[in-house]
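Quick notes on the structure that follows.
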Amino acid sequence: MTHFLKNSKILTLLFGSLTLGTQAQTVDKVNDPVEWINPLMGTASKPSLSTGNTYPAIALPWGMNFWMPQTGKMGDGWAYTYDADKIRGFKQTHQPSPWINDYGQFAIMPITGKIRFQEDQRASWFSHKAEIAKPYYYSVYLADHDVTTEITPTERAAVMRFTFPKTDSAFVVIDALDKGSFVKIIPEKNQIIGYSTKNSGGVPENFKNYFIIQFDKPITYKSVWKAKELLANELSVTDNHVGAVVGFKISKRGEQVTAKIASSFISFEQAEINLKEVGSQSFEEIKNLGKGIWNTTLSRISVEGGSVDQTRTFYSCLYRTMLFPRKFYELDAKGKVVHYSPYNGQVLPGYMFTDNGFWDTFRAVFPFFNLMHRNLNSQIMEGLVNAYKESGFLPEWASPGHRDCMIGSNSASLIADAYIKGVRGFDVETLYQAMLKNSENEGPLTSVGRKGVKYYNDLGYVPYDVKINENAARTLEYAYDDFCIYQLGKALNKPASELERFAKRSQNYKNLYDPSHKLMRGKNADGSFQSPFNPFKWGDAFTEGNSWHYTWSVFHDIKGLSNLMGGKKEFANMLDSVFVVPPVFDDSYYGFVIHEIREMQIMNMGNYAHGNQPIQHMPYLYNYAGQPWKTQYWVREVMNKLYQPTPDGYCGDEDNGQTSAWYVFSAMGFYPVCPGTDQYVLGAPLFKKVTLSLENGKQVVIKAPNNSADNKYIGNLKWNGKDYSKNWLSHNDLQKGATLDFLMQSSPATNRGVSETDIPYSFVK
């Protein structure tokens, strides 16, 4: 437990009641879910080995701005790492991933004694023992300066509080970073304004993050700086790398200086408007408001009857699903929704969201939104409409505009899944036309549109030998995306000829199936398979994985894949093999062991690579083979072994909530194997009780009172009191409200869920 949970009274007040069992404490009720979250989960990471590649995001759900302590050098994607011992500043951040890096960031750092504004000189030793990290509040003691820094956020603003010792040398350093910045001190207002242009790509020429900092005490010292030079008595400066230093008179130990901070991608005037999110409220008022917002959002899902670690892991993962994509829109002086376009640089009406890689998040994050946060996803879809209108293509990896990262045109999955699951309030016709454009065009970057689309449409696959990397992975994902276009077109009553085109293309996965290996394999333009073939070779024809991982990327037609393998028995044998074959690998495509390979190798689960996304749905596929108990076994194994509420708590990149959303769904007992359909595929619940409070006022109550470490198998399931043998749940039926009663047992129920009518949806009938 974290350091502030030292006695049972506090434990009970914060966490609800705990029942001592023979094996572990059981959490009967969660009264204050935000206090169960560990924002440091996944921060013990580095480029060679990811245990999450996260940072402590001090933010409100889907907030435009996050705040974080910065331990790495400014500009380093690994901005906060758990093993670091110094903090260089407190940064407003928009970073979705260390590999994508940040944009529009600036930093603030309190210091005492001699003025030191460069990051290495101003840095201070700190200890996790003097650090408190919560989603709505962060505090740390900076030992070298004898200062405690606290942060509490709103969506577009924040309040910082610095507790100083008695000194005549108390300063706050503002660092607007390099790549072009500006600061100005306005002493009569006790205010600093400035902008940062620092970014890692995906921005128009006129990109700026405008900020305003309002102090509650008179500024007694003021100076700006650029590079390594302090510009005494000057109040403003514009250059490559600039900042400011302001001082305050501190007459007694424990005296505090408060800074209210806001920013805007639109203008200084809009930053002033955004500062009204704080207004005249105190630090404690904003802190309590933020805690309340988190608790309200988190309490939409209540879990009971798990262990302390399971409960902490669940809510920590749930927190991660509520960070991205971030709101990239603002409210103008009239309260209207406006946004700075990261695509064309204009200020335009309407919603915009960003910082998301759909290659990761189409799998579970957006299906989670469609289940639990439908109004939000309607706004996100409208943001996709705006992104398409402003750039000519749907985003696939935006931060804040298009970034050349990953493959596929998986925006099709997001759009189809939202509409098919009943989300409305957005211009679906424009998005359908955008999907059609994707299906026929390459984009200005390889990540948008479809790289190799002419080959794919003419041959039915992207060839291995035409200098298009990751060709087999592209083919498999395009085929699934074509299924999503088909599904949406059918829902919109599009012409039969149009539907048939995409229905046919959805079967293109078959063109890569090699019956001699029973695996997917790259294919040359002349129709011959790529040779030599090593199914353990990462990359090359595949994306951050090998053939053993990508063979299962036929989300929409698992029965068709099973038929290719010779039927359900052989299909199940191939699934078993993923866990049985040793974690051997061929890294020759990369020339070194990428972190995703290392994470698979060290987890002792064969060639199963849960630390990366392509195979995360695979344990659920036993349901299609008539062996659902194996899904129940392996899903529980993954949750138990590969997730912990600790700094090394993930088994690979967390990736914008996807690896967390897998856990959230799996702990509830089901998973969206094929977004774009109405179904979730059954696993088995982790907790004794889960209650989902849906936006329409209905509840889904999942009961498994005899659930335990041993009782991991489903013996029987009742839906609203009636026996239910199917291995899938209907989204539309869940939206009506439901009670699911699971009878859990310690041995597999090999006669449950084994008939053809129990098998989840596949396109092949």
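Among 489, 516, 479, whose Cα projects farthest towards the positive end of the dipole of segment 479-525, with charges put on the beta-carbon of Lys, Arg (+1) and Asp, Glu (-1)?
The listed residue farthest towards the positive side: 516.
Would you kindly state the longest site-free stretch of the chain, with sites defined as GluC sites (Glu not before Pro) in a DSSP loop (not H, G, I, E, B) surrounded by at most 12 other Cβ atoms within 10 Å?
Of all site-free stretches, the longest is 441-765.
Would you mind pulling out the separation of the Cα centroids of segment 377-400 and segment 271-349, in Å?
Rounded to whole Å, the Cα centres lie 20 Å apart.
In terms of the ratio Rg/(2.2 N^0.38 Å) built on C-alpha atoms, what value belongs to the chain? Let's see the in-between values first.
On the way: Rg = 26.3 Å, N = 765, 2.2 N^0.38 = 27.4 Å.
Output field value: 0.96.
Which value, in debye to the nearest 20, gives the size of the charge dipole of segment 74-126 about its Cα centre, when Lys and Arg are +1 and Asp and Glu are -1 at the Cβ?
Rounded to the nearest 20 debye, it is 280 debye.
Keeping all protein chains in place, calculate the accessible area per residue for segment 271-321 (probe 1.4 angstrom), answer in Å².
Numbers: 1740 Å² over 51 residues.
Value returned for segment 271-321: 34 Å² of accessible area per residue.
Residue 73 to residue 764: extension gain in nm, 0.36 nm per residue of separation minus the Cα-Cα distance? Before the final figure, lay out the partial values.
On the way: separation 691, 0.36 × 691 = 248.76 nm, distance 5.29 nm.
Between residue 73 and residue 764, full extension yields an extra 243.5 nm.
Normalise the Cα radius of gyration of segment 505-648 by 2.2 N^0.38 Å (N = residues in it) and let me know the number. All intermediate terms of the calculation are to be shown ahead of the outcome.
On the way: Rg = 15.3 Å, N = 144, 2.2 N^0.38 = 14.5 Å.
Compactness ratio reported: 1.05.
Using alpha carbons only, how many angstrom separate the centre of segment 490-521 from the centre of segment 691-765?
About 30 Å separates the Cα centre of segment 490-521 from the one of segment 691-765.
So which trypsin sites (Lys or Arg not before Pro) in segment 187-264 end up in coil per DSSP with only 12 or fewer other C-beta atoms within 10 Å?
Within segment 187-264, the qualifying trypsin sites (Lys or Arg not before Pro) (loop, at most 12 other Cβ atoms within 10 Å) are 228, 252, 253.
Only sites in a loop by DSSP and with at most 14 other Cβ atoms within 10 Å count here; which trypsin sites (Lys or Arg not before Pro) in segment 685-714 make the cut?
698
Can you pull out the trypsin sites (Lys or Arg not before Pro) in segment 372-460 whose DSSP state is coil and whose Cβ has at most 13 other Cβ atoms within 10 Å?
Answer in residue order: 424.
Where Lys and Arg each count +1 and Asp and Glu each count -1, what net charge lies around residue 605 among other residues with Cβ under 10 Å from its Cβ?
That works out to 0.
Given a 1.4 Å probe and every protein chain left where it sits, what share in percent of the accessible area of segment 612-765 is carbon and sulfur?
Roughly 48 percent of what the probe reaches on segment 612-765 is carbon or sulfur.
What is the angle, in °, between the Cα long axis of helix 568-580 and the longest principal axis of the Cα atoms in the chain? Nearest 10 is fine, range 0 to 90.
40 degrees
Taking θ as phi - 60°, what are the ³J(HN,Hα) couplings along segment 48-53 by the Karplus curve (6.51, -1.76, 1.60), each to the nearest whole Hz, with x for Gly and Pro?
Result, ordered by residue: 7, 7, 9, 10, x, 6 Hz.
Using Cα atoms only, what is the angle between the long axis of helix 283-298 and the major principal axis of the chain, expressed in degrees (0 to 90) to the nearest 10?
It works out to around 0 degrees.
Cα-based count: Lys pairs in segment 648-724 below 18 Å, eight or more positions apart or different chains?
Eligible lysine pairs with Cα atoms under 18 Å apart amount to 10.
Once you have a ≥ b ≥ c as the square roots of the Cα gyration tensor eigenvalues for segment 104-246, tell me rounded if a/c is under 1.5, and otherwise prolate or oblate according to whether a/b is larger than b/c.
Judged from the Cα gyration tensor, segment 104-246 comes out oblate (a/c at least 1.5, b/c at or above a/b).
Probe of 1.4 angstrom, ligands and nucleic acids ignored: what's the accessible area per residue over segment 115-245, in square angstrom?
Accessible surface, normalised per residue, equals 38 Å².
Among 619, 402, 149, flag the residue with its Cα farthest along the positive direction of the charge dipole of the chain, charges on Cβ as +1 for Lys/Arg and -1 for Asp/Glu.
Selected residue: 149.
Got a number for carbon plus sulfur as a percent of segment 24-138's accessible area, 1.4 Å probe?
Carbon-and-sulfur percentage of accessible area, whole number: 52.
Solvent-accessible area per residue for segment 629-765 at a 1.4 Å probe radius, Å²?
On the way: 4590 Å² over 137 residues.
Accessible surface, normalised per residue, equals 33 Å².
Using alpha carbons only, how many degrees (0 to 90, rounded to 10) separate the axis of helix 411-420 from the longest principal axis of the chain?
70 degrees
The values are calculated or read from the model by the stated rules, or taken from the named source; none is laboratory data. Small disclaimer: the values here were computed from a predicted structure and weren't measured. Glycine also receives a Cβ, built like all others from the backbone with ideal geometry; neighbour counts cover every protein chain displayed. Note: areas computed on protein heavy atoms with side chains; ligands, DNA, RNA excluded. Shrake-Rupley method; radii C 1.70, N 1.55, O 1.52, S 1.80 Å.
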